[in-house]
Amino acid sequence: MSVLVLADHDLGRLSPSTARTVHAVAELGPIDILVLGEGVDQVVADAAQISGVQRVRVSQDSGFVGQSAEALVPLLAELAEGYSHIVASAGSVGRDVMPRLAAKLDLMPVTDVTALLGPNRFERPIYAGNAIETVTSNQTQHVLTIRTSSFAPAANGNSATIEPVSHAPVISAARLIDALRTEGDTPDLGSARIVVGGGVSVGSAEGFKLIEQLAAQLGAAVGATRAAVDAGYAPNDWQVGQTGKVIAPDLYIAVGISGALQHLAGIQGAKKIIAINKDAEAPLVQIAELRLIGDLFEMVPALMRELEARGVRQA
Amino acid sequence: MAGKILVAVKRVVDHNVRIRVKPDGSGVETQGVRMSMNPFCKHAVEAAVALCEAGSAEEVVVVSIGPKGATDAILTGLAMGGHRGILVETDETLETLAIAKILASIVDEEKPDLVLLGKQAVDDDSNHVGQMLAALTDRPQATFASEITWDGDTLTVTREVDYGRAKVSLTLPAVVTADLRLNTPRNAALPMVMKARSKPLSVRPLGDFGIDTAPRLVTEKVSAPPERGGGQAVKSVEELAAIIAEDVAAMEGAS
Ligand SMILES: Cc1cc2nc3c(=O)[nH]c(=O)nc-3n(C[C@H](O)[C@H](O)[C@H](O)COP(=O)(O)OP(=O)(O)OC[C@H]3O[C@@H](n4cnc5c(N)ncnc54)[C@H](O)[C@@H]3O)c2cc1C
Ligand SMILES: Nc1ncnc2c1ncn2[C@@H]1O[C@H](COP(=O)(O)O)[C@@H](O)[C@H]1O
């Protein structure tokens with residue numbers, strides 16, 4: 001058995017989810033990482049350091065810019081032959097690419113894997129995480145995406161072999177014309193140790209700044225509900241939940257969030273949840289380890305002052 | 001030349017229902033539970049109908065694969081403005097790969113310029129079928145769409161991705177999957193609901209397609225996730241600040 005992991009990267013940087021993916025599949029056999037994209041020297045160097053990686057295979061073809069599934073899948077399908085498991089993290093690239101790859105190989109993929117119980121036995125959540133399915137695959141190869149919030153990152157300190165891959169010209173009828181990136185340098189939601197989340201109750205984009213300020217003070221990532229994103233208070237890539245990002249921080253501070261089941265789907269991995277809400281009956285308040293009942297417009301500024309007084313301030 | 005759009009819709013347990021895992025671990029209780037069209041499919045239908053109204057397309061075909069009851073989802077699609085429906089009838093629970101293969105053979109018959117699907121079904125949460133269908137029909141794909149414009153044989157799609165949004169251009173024919181911010185699905189007025197019943201609906205048995213739909217995976221069990229217990233009330237902001245400050249210090253100490 002051997003494993004091919006598709007590296008998750010953006011802007012020439014390896015995403016923290018890749019080391020988590022490697023850790024998830026570490027037991028399955030020797031691991032190769034595949035890096036596809038332009039200007040990825042740093043990505044390759046970082047991938048080679050991840051423990052458990054045998055080889056980093058790379059193509060810097062300009063056709064991989066934009067990482068369209070149509071561009072990536074033919075090469076992945078060709079390389080797949082040598083591997084028992086072809087794996088990616090369940091980010092927007094993995095979710096886009098892996099089902100297309102699986103269909104090309106006539107395989108049924110297993111996606112959003114939260115536990116590997118063996119080489120062909122997997123757990124994955126269904127119904128917005130309200131049920132966990134255990135599946136066995138009798139196929140000879142396995143196409144997987146990993147829900148990386150369920151796994152710790154593999155350690156660093158390796159120096160894997162780096163090898164270019166040669167391939168046919170990349171063709172895609174889909175092409176990236178504009179990458180509209182969310183500005184700012186808030187920590188990665190998927191790997192942050194503290195996340196502060198805000199709901200539509202902040203009332204405006206200006207109001208959402210309160211959430212961002214509290215997050216900045218704590219060095220935390222910022223999350224949002226779908227309702228807050230729909231209202232235009234927060235960018236779409238901050239959405240946490242069934243159809244947004246899944247988080248597993250040590251601490252999640254949810255401010256003015258009701259806790260609809262679709263939002264809860266994204267936060268079940270949080271070790272500790274603190275809810276600040278004026279409604280003591282809100283579902284999120286009910287599941288939180290700690291709750292503070294009151295108006296967020298009073299509570300959050302007061303909390304920031306009290307934290308400051310205790311030496312917790314923006315780095 | 002105005003085009004043709006195929007929309008695939010799935011009937012699922014209504015997204016507001018709090019599901020129950022069967023005590024014997026065999027699955028999720030779906031008997032006597034409210035069913036409705038998968039929310040993402042509603043956005044797909046709305047997009048198809050809107051493209052028709054904008055003159056980009058002239059026909060919207062709504063297809064669903066499932067038991068007789070899945071007709072309801074097709075009727076919802078027709079009431080929203082779809083022109084005709086196809087039900088591929090089966091009582092089997094099919095895997096996404098099998099669904100994609102059936103849809104691929106319908107694409108073969110219907111030759112739509114655009115296939116619209118939901119990005120994910122909220123029961124199995126797979127997020128597979130659009131991408132698989134694109135693979136099987138060798139079409140370009142744009143998943144997680146929050147905006148679609150159709151100009152001649154080019155489609156411009158804004159996709160919701162991890163870093164924000166990605167604007168892509170693809171040549172038709174293509175496959176697009178709908179995200180929730182694509183549009184606001186219309187509620188069909190009663191006259192439209194009545195009219196939907198008289199729109200053409202072809203019912204095709206699964207056997208007609210000659211596709212191997214045998215499952216590749218065995219579901220060993222379905223279990224309930226661990227429950228999160230209720231916690232404790234914090235009396236004051238000062239108390240909460242002290243707790244958070246301690247947590248932050250502990251994390252800094254540990255890293
Ligand atoms: C298919 C589907 C997928 C979805 N996916 C997601 C998803 O991925 N993520 C997601 O988040 N949602 C998702 N949703 C939406 C979800 O169902 C809820 O609508 C949403 O999470 C609610 O957001 P909210 O908590 O901000 O707003 P609300 O539900 O309106 O809650 C507002 C909360 O703020 C509190 N509040 C109001 N004013 C104050 C104040 N001044 N101080 C303190 N508290 C206050 C209220 O008591 C209430 O609890 C999805 C829905 C569907 C149908
Ligand atoms: N049984 C089905 N019949 C018709 N369309 C389906 C069916 N299952 C899935 N789809 C389509 O595929 C999308 C994604 O579903 P899934 O890959 O199962 O998450 C759905 O939103 C539908 O558009």
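The values are calculated or read from the model by the stated rules, or taken from the named source; none is laboratory data. Quick caveat, the model's predicted, so the values are computed rather than measured. Cβ atoms come from the backbone with ideal geometry, glycine included; neighbour counts cover every protein chain shown. Accessible surface areas use protein heavy atoms only, side chains included; no ligands, DNA or RNA. Shrake-Rupley method; radii C 1.70, N 1.55, O 1.52, S 1.80 Å.
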Value in Å of the Kirkwood radius, where region A:140-236 supplies the Cα pairs that are averaged: 17.4 Å
Need one number: nm distance between label points at B:A54 and B:T149, each 7 Å from Cα along Cα→Cβ, rounded to one decimal. 0.8 nm
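Tell me, which longest segment in chain A has none of the GluC sites (Glu not before Pro) that fall in DSSP loops with at most 16 further Cβ atoms within 10 Å?
Counting only loop sites that pass the neighbour cut-off, the longest clear stretch is A:82-182.
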If exposed means trypsin sites (Lys or Arg not before Pro) lying in a DSSP loop and surrounded by at most 16 other beta carbons within 10 Å, then the longest stretch of chain A lacking such sites spans residues A:1-270
State, in square angstrom and to the nearest 100, the accessible area buried between chains A and B, both chains counted, probe radius 1.4 Å. 7100 Å²
Positions from region B:163-184 whose accessible area shrinks by 50 Å² or more when the full protein complex is built, not the chain alone, probe 1.4 Å: B:Y163, B:R165, B:K167, B:S169, B:L180, B:R181
If unit charges are put on Cβ atoms (+1 for Lys and Arg, -1 for Asp and Glu) and the dipole of the protein assembly as shown is taken about its Cα centre, the option from A:I194, A:N158, A:A275 lying farthest towards the positive end turns out to be A:A275
Would you give the gap between the C-alpha center of region B:68-99 and the C-alpha center of region A:263-280, rounded to a whole Å? 36 Å
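Using a 1.4 angstrom probe on heavy atoms only, work out the carbon and sulfur share of the accessible area of chain B in %.
Carbon and sulfur atoms account for 50 percent of the accessible area of chain B.
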Per residue in region A:136-166, which ones lose no less than 40 Å² of accessible surface when going from chain alone to all protein chains (1.4 Å probe)? A:T136
Of chain B, which part is the longest with no trypsin sites (Lys or Arg not before Pro) in a loop (DSSP not H, G, I, E, B) and with at most 14 other C-beta atoms within 10 angstrom? B:35-196
So what is the orientation-averaged projected area of region B:73-164, using the convex hull of its C-alpha atoms, in nm²? 7.3 nm²
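Can you tell me what the convex hull of the Cα atoms of the protein assembly as shown projects to on average, as an area in nm²?
In nm², the orientation-averaged hull projection of the protein assembly as shown is 25.5.
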So for region A:2-164, averaging the separation of alpha carbon pairs under 8 Å that are six or more residues apart and normalising by length, what relative contact order in percent results? 30 percent
Enter the accessible area per residue of the protein assembly as shown (Å², integer; probe 1.4 Å; all protein chains in place). 40 Å²
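Rounded to the nearest 500, what is the 222 nm mean residue ellipticity of chain A from helices alone, with -39500 (n - 2.57) per DSSP H run of 4+ residues and division by all residues?
Using -39500 (n - 2.57) per qualifying helix, the result is -8000 deg cm²/dmol.
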What does the C-alpha gyration tensor say about the overall shape of region A:194-309? Classify as rounded when a/c is under 1.5, otherwise prolate if a/b is larger than b/c, or oblate. rounded
Cut-off under 5 Å, modelled amide H: who pairs with A:E289 long-range: A:I273
Size of charge dipole - region B:121-207 - debye, nearest 20, with Cβ of Lys, Arg +1 and Asp, Glu -1, no other charges: 520 debye
Do you know the relative contact order of region B:3-209, to the nearest whole percent, from alpha carbon pairs under 8 angstrom that are 6+ apart? 25 percent
Work out the mean other chain Cβ neighbour count within 10 Å for the residues of B:219-229 and drop it here as an integer. 5
Distance check, please: which entries in A:K245/B:K4; B:K101/B:K195; A:K245/A:K272 exceed 28 angstrom between their Cα atoms? A:K245/B:K4; B:K101/B:K195
Report the normalised scattering of chain A as log10 I(q)/I(0) at q = 0.10, 0.13, 0.14, 0.15 Å⁻¹, calculated by the Debye formula with identical scatterers on the alpha carbons. -0.60, -0.96, -1.07, -1.18
Directionally averaged projected area (convex hull, Cα atoms, region A:2-164), nm²: 8.6 nm²
What FRET efficiency do you get for B:Y163 and A:Q42 if R0 is 25 Å and r is their Cβ-Cβ distance, rounded to the nearest 0.05? 0.90
What percent does the relative contact order of region A:194-309 come to when contacts are Cα pairs within less than 8 Å and at least six residues apart? 23 percent
Within the accessible area of region A:194-309 (1.4 Å probe), percent carbon and sulfur: 53 percent
What would the Debye equation give as log₁₀ I(q)/I(0) for region B:23-86 at q = 0.27 Å⁻¹, counting only Cα atoms as equal point scatterers? -1.16
Which residues of region A:245-286 show a drop of at least 50 Å² in accessible area when all protein chains are present, compared with their chain alone (probe radius 1.4 Å, heavy atoms only, ligands and nucleic acids excluded)? A:L261
Averaged over peptide B:94-100, how many Cβ atoms belonging to another chain are found within 10 Å of each residue's Cβ? 3
Give the Rg (one decimal place) followed by the Dmax (whole number) of region B:3-209, computed from C-alpha coordinates and expressed in Å. 16.3, 54
More than 16 angstrom separation, counting every C-alpha pair in region A:1-53; what % is that? 31 percent
Which of A:A227, A:A77, A:I132, positive extreme of dipole for chain A (C-beta unit charges): A:I132
R0 = 25 Å: FRET efficiency of A:D188 with A:N156, Cβ-based, nearest 0.05? 0.90
Taking θ = phi - 60°, what integer Hz values does the Karplus form 6.51 cos²θ - 1.76 cosθ + 1.60 yield along region B:135-146, in sequence order, with x for Gly and Pro? 5, 5, 9, 6, 10, x, 10, 9, 8, 6, 6, 10
Long-range Cα-Cα pairs in region B:200-255 (distance over 14 Å), rounded percent: 80 percent
Using the alpha-carbon centroid of each, what span in Å lies between region A:139-189 and region B:1-57? 30 Å
Can you pull the mean other chain C-beta count within 10 Å for peptide A:188-197? 1
Region A:129-177 - Rg over Rh from alpha carbon coordinates, Kirkwood radius: 1.08
Would you give the gap between the C-alpha center of region B:108-159 and the C-alpha center of region B:191-250, rounded to a whole Å? 22 Å
